[in-house]
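A.B. asks: Have a look at this one before I ask anything.
The values are calculated or read from the model by the stated rules, or taken from the named source; none is laboratory data. Model, not experiment: these values are computed from the prediction. In this analysis, Cβ positions are derived from the backbone assuming ideal geometry, glycine residues included, and neighbour counts consider all displayed protein chains.
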Amino acid sequence: MNYGKIKKLDIANGEGIRVSLFVSGCNFHCHNCFNKIAQDFNYGKLFTEETFKQINDLINRPYVAGLSILGGEPMHQDPQGFHYLNKLALTTRSLGKTVWLWTGFKWEDIWNDESEIALYRQNLLSLCDVVVDGQYVDSLRDLTLKWRGSSNQRVILSRMSISKKELILMEGI
């Protein structure tokens, strides 16, 4: 897995001060994507154990609320990429911090998929506190929305939705 950027102090992608990881690679190719350069799976740098340690050290700072995983597309990674994303999510949660993830996939499509790669995707979702789902749709662009670019995208309370077995959206946004 490659990554395009690590934002050490991000206040735009989730609640509080966050560390944001922008992974490389996306097959959706949304029209007017905000991060088009990251659609290329070869863009950026190779994610390594050293990268993991660097992000973990950043997240461990007391004023950081958690980790945000964006792209590219986090759910278009290979098994090694999912290994690192799961490891980051587990470590972040063990520090008592939150994990947010943005994906162009719809929540229901990930959970209804029975393919081998779906198991990786489902496992990662189960480690996230909040998931913003749905592809960016330029005709539905709305700059007043918090944490998303178009009105079709939803801000889902992931762990709560999984435990209650129903989709629960974040209220008041």
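A.B. asks: State yes or no: is Arg148 out of contact with any helix residue (DSSP H, G or I) (no Cβ under 8 Å at 6 or more places or on another chain) and among the basic types (Lys, Arg)?
C.D. replies: Yes: the conditions hold for Arg148.
A.B. asks: Still on this model: I need the full set of residues from the stretch 1-28 which are assigned to a loop (DSSP other than H, G, I, E, B) and not β-branched (Val, Ile, Thr), in order please.
C.D. replies: Met1, Ala12, Asn13, Gly14, Glu15, Gly16, Ser24, Gly25, Cys26, Asn27, Phe28
A.B. asks: If Ile69 meets every condition in (1) within 14 Å of the chain's Cα centre (by Cα); (2) in a helix (DSSP H, G or I); (3) without any contact (Cβ under 8 Å) to a residue 60 or more places away in the chain apart from one, which number is that one?
C.D. replies: (2)
A.B. asks: Quick one: what pairs do we get from the stretch 20-35, first residue modelled with pLDDT of 95 or more, second part of a strand (DSSP E or B) and of a type in the set (Val, Ile, Thr), C-beta under 9 Å, 6+ apart or different chains?
C.D. replies: Ser20/Ile6; Ser20/Ile69; Leu21/Ile6; Leu21/Ile69; Phe22/Ile6; Phe22/Ile69; Val23/Ile69
A.B. asks: A further question follows. Being among the charged types (D, E, K, R), surrounded by 14 or more Cβ atoms within 10 Å (Cβ to Cβ) and closer than 24 Å to Lys36 by Cβ: is that true of Arg159 here?
C.D. replies: The answer is no for Arg159.
A.B. asks: When the residues of the stretch 29-64 are narrowed to those that are among the β-branched types (Val, Ile, Thr) and part of a loop (DSSP other than H, G, I, E, B), which ends up surrounded by the most Cβ atoms within 10 Å (Cβ to Cβ)?
C.D. replies: Among those that are among the β-branched types (Val, Ile, Thr) and part of a loop (DSSP other than H, G, I, E, B), it is Val64.
A.B. asks: Give just the number: which of (1) in a loop (DSSP other than H, G, I, E, B); (2) out of contact with any helix residue (DSSP H, G or I) (no Cβ under 7 Å at 6 or more places or on another chain); (3) hydrophobic (A, V, I, L, M, F, W, C) does Leu119 not satisfy?
C.D. replies: Evaluating Leu119 over (1) in a loop (DSSP other than H, G, I, E, B); (2) out of contact with any helix residue (DSSP H, G or I) (no Cβ under 7 Å at 6 or more places or on another chain); (3) hydrophobic (A, V, I, L, M, F, W, C) leaves (1) as the failure.
A.B. asks: May I pose another question? Would you please list the contacts, defined by Cβ atoms under 7 Å and residues six or more apart or on different chains, that run from a residue in the stretch 3-17 that is closer than 15 Å to Ile69 by Cβ to a residue that is loosely packed, with under 14 Cβ neighbours inside 10 Å?
C.D. replies: Tyr3/Lys45; Gly4/Ile37
A.B. asks: Looking at Tyr120 and the list (1) in contact (Cβ under 8 Å) with a residue 40 or more places away in the chain; (2) under 29 Å from Leu143 (Cβ atoms); (3) not basic (Lys, Arg), which single condition is not satisfied?
C.D. replies: (2)
A.B. asks: Does any residue of the stretch 75-87 turn out to be among the polar types (S, T, N, Q), within 30 Å of Asn32 (Cβ to Cβ), part of a strand (DSSP E or B) and touching a residue at least 60 places away in the same chain (Cβ under 8 Å)?
C.D. replies: no
A.B. asks: Taking the criterion of being surrounded by 13 or more Cβ atoms within 10 Å (Cβ to Cβ), over 28 Å from Lys36 (Cβ atoms) and free of Cβ contacts under 8 Å to residues at least 24 places away in the same chain, would at least one residue in the stretch 145-154 satisfy it?
C.D. replies: Checked against the condition, which is being surrounded by 13 or more Cβ atoms within 10 Å (Cβ to Cβ), over 28 Å from Lys36 (Cβ atoms) and free of Cβ contacts under 8 Å to residues at least 24 places away in the same chain, the stretch 145-154 yields no hits at all.
A.B. asks: Is it true that some residue in the stretch 132-143 is under 23 Å from Gln80 (Cα atoms) and either in contact (Cβ under 8 Å) with a residue 40 or more places away in the chain or of a type in the set (Asp, Glu) (or both)?
C.D. replies: Yes, the conditions are met somewhere in the stretch 132-143.
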